[in-house]
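Asks: Please find one structure pasted underneath; my questions will follow.
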Amino acid sequence: MKNLCATLLLTSLCCLPTAHAEEVGKVSTTFRLLSPNDKVVVDAFDDPAVSGVACYVSRAQTGGYGGAVGLAKDPSRFSVACRQIGSISFARPLPKQEEVFKESASFVFKHVRVVRIVDAKRNTLVYLTYSDKLIDGSPDNAVTAVPVSGQGIPLK
């Protein structure tokens, strides 16, 4: 029974849809003669429930032969910066905490995630990025905040 549960869990994790972001740019950090270099990649995405807020996530991307075929495990080093880029409006009332971005950082088991947290007392949207793995995650994280002026944040 345990093996069946573990198999079902792994199968469901493999089939989860991942959020897609637009790559803004990348820089090489390590030169590799015969395979792709290690890089730092910057992706941008818009908050799906908050118009007028865009987030930028930088992350390390492992090169080499494993990186070229998508089998390398990327390090858990990343940063996030979210900014108001226009008038803020809300598509719906927001939960106190909600995942807004997810991207694979290894072949199957590791993800970079961004969670939006509503700080109602300060009328601010807080964005936290971290990584998780099937067995253990990383304590590495980054946080950014976007204050909302002139209106309240609608909460669920």
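Asks: Considering only protein heavy atoms, with the full assembly of protein chains and a 1.4 angstrom probe, order 149, 28 by accessible area, largest first.
Replies: Result of the area sort, largest leading: 149, 28.
Asks: Residue 26: accessible area at probe 1.4 Å, nearest 10 Å²?
Replies: 110
Asks: Arrange the residues 155, 34 by how much accessible surface each exposes, largest first, with a 1.4 angstrom probe.
Replies: 34, 155
The values are calculated or read from the model by the stated rules, or taken from the named source; none is laboratory data. If you're wondering where the values come from, they're calculated on a predicted model, not measured in any experiment. Note: areas computed on protein heavy atoms with side chains; ligands, DNA, RNA excluded. Shrake-Rupley method; radii C 1.70, N 1.55, O 1.52, S 1.80 Å.
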